[in-house]
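The values are calculated or read from the model by the stated rules, or taken from the named source; none is laboratory data. Not measured: the values here are computed from a predicted model. Please note: Cβ atoms are built from the backbone with ideal geometry, for glycine as well, and neighbour counts cover all protein chains shown. Side chains included, ligands, DNA and RNA excluded: accessible areas come from the protein's heavy atoms. Shrake-Rupley method; radii C 1.70, N 1.55, O 1.52, S 1.80 Å.
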Amino acid sequence: PAALLGAALDDPGRPLALRAAILSLEPDVLRPSRSRVVLLADRPGPLELDALDALARLDGSLSPERVRGLLAREDASARALAVTRAGAALDLAALSALARRDPDPSVRAAAVAALARRDETEALAAAGAGLFDSDGSVRASAAQGLGSRGAESVALLEELALQHTAPEAGGPIAALSLTGPAGHESLARLAASHPDPKARALAGLALGRPLPEDH
């Protein structure tokens, strides 16, 4: 099977969808064909980004040189791939800058997700800024990423919710709803005491309570 997979990757006559599907296989299946993956990753073409993603999964991350090259491209999908698969090649400052300033929301969303996976307090705060991005996909990425951190992101999210009124407070509130029991306790506090009545209503809605009649 490994030889057949490698031969299919090498064969430009095979459908692109088939070759892309092979590149998406689990690393243990794809590992015997790593040299062929490298050839495709080094060759500009329709499978280059698929191959680079496969190579990152095989090796744990992309090399710093590959990350720099992808980030220099105009193609947003290339930059987003670089951010997602950078590993240690992008530090906190670089990720934070991309989350704030990249013109494409897919790149900002990838940077926010990467920040939310890091352990530094500053990284979580930088991811929190994504909750107020102008693009909904970035806000969703921030909420999902911070929500996945569970109790360790609750204090930050509650603080951000208190610093904003509705509708902006909705981002931290949505993230809190994903953090588990500690987040639900925070939502109960916000529903009871947030200074903005609309934010209180949003917190209650996140807890499954009906909206007040005046909303």
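Using 0.36 nm per residue, how much length does the chain from Ser137 to Ala21 gain when fully extended, once their Cα-Cα distance is taken away? Before the final figure, lay out each step's value.
On the way: separation 116, 0.36 × 116 = 41.76 nm, distance 2.57 nm.
Full extension of this stretch gives 39.2 nm more.
Ratio of segment 1-112's C-alpha Rg to 2.2 N^0.38 Å, to two decimals?
Numbers: Rg = 14.7 Å, N = 112, 2.2 N^0.38 = 13.2 Å.
For segment 1-112, the normalised Cα radius of gyration comes out at 1.11.
Which values, in whole Å and largest first, are the semi-axes of the equivalent ellipsoid of segment 49-133 obtained as the square root of 5 times each eigenvalue of the Cα gyration tensor? Walk me through the numbers before you get to the answer.
On the way: eigenvalues 83, 41, 19 Å².
That gives 20, 14, 10 Å for the three semi-axes.
Tell me the mean residue ellipticity at 222 nm calculated for the chain from its helices only (DSSP H runs of n ≥ 4, each -39500 (n - 2.57), averaged over every residue, nearest 500). Let's see the in-between values first.
Details: 15 runs with 142 residues, N = 215.
Rounded to the nearest 500, it is -19000 deg cm²/dmol.
Along its three principal axes, how long is segment 138-191 when you only count alpha carbons? Whole Å, largest extent first please.
26, 23, 13
How much net charge surrounds Asp75 when only the other residues with a Cβ under 13 Å from the Cβ of Asp75 are counted, with Lys and Arg +1 and Asp and Glu -1? If you can, show how the numbers build up before the last one.
On the way: positive: Arg73, Arg79; negative: Glu48, Glu74, Asp102, Asp104.
Within the 13 Å Cβ shell, the charges total -2.
Quick one: accessible area per residue over segment 28-106, 1.4 Å probe, rounded to a whole number of Å²?
Values: 4030 Å² over 79 residues.
So segment 28-106 comes to 51 Å² accessible per residue, rounded to a whole number.
Would you mind calculating the relative contact order of the chain from Cα pairs under 8 angstrom and at least 6 residues apart, reporting the percent as a whole number?
RCO, the chain: 10 percent.
Can you run the Rg to Rh ratio on the chain? Use alpha carbon positions and the Kirkwood inverse-distance Rh. Write out the running numbers ahead of the final one.
Details: Rg = 21.0 Å, Rh = 19.0 Å.
Ratio value, two decimals: 1.11.
Taking the alpha-carbon centroid of each part, what is the distance from segment 1-65 to segment 151-191 in angstrom?
One Cα centre to the other: 42 Å.
Determine by what factor the alpha-carbon radius of gyration of segment 1-61 differs from 2.2 N^0.38 Å, reporting the quotient. Mind showing how you got there, number by number?
Details: Rg = 10.1 Å, N = 61, 2.2 N^0.38 = 10.5 Å.
Expressed relative to 2.2 N^0.38 Å, the Cα Rg reads 0.96.
Carbon and sulfur atoms: what percent of the 1.4 Å accessible area of the chain do they account for?
On the way: 6000 of 10710 Å².
It is 56 percent, rounded to a whole number.
Using a Gaussian network for the chain with springs between C-alpha atoms less than 10 Å apart, which of these wobbles most: Leu176, Leu95, Leu205?
Most flexible of the set in this elastic network: Leu205.
How many Å³ per residue does the convex hull of the Cα positions in segment 106-149 occupy? All intermediate terms of the calculation are to be shown ahead of the outcome.
On the way: hull volume 2.1 nm³, N = 44.
Spread over its residues, the Cα hull of segment 106-149 gives 49 Å³ apiece.
Taking DSSP loops as anything outside H, G, I, E and B, show the longest stretch in the chain free of GluC sites (Glu not before Pro) there with at most 12 other beta carbons within 10 Å. Walk me through the numbers on the way to the answer.
Values: sites that count: Glu74, Glu120, Glu213.
Answer - 121-212.
Compute the projected area of the convex hull of the Cα atoms of segment 95-215, averaged over all viewing directions, and report it in nm² to one decimal place. Each step should come with its number before you reach the end.
Values: hull surface 26.7 nm².
Mean orientational projected area (segment 95-215, Cα hull): 6.7 nm².
With a 10 Å cut-off between alpha carbons and a GNM built on the chain, which of Gly204, Gly130, Gly145 moves the most?
Gly204
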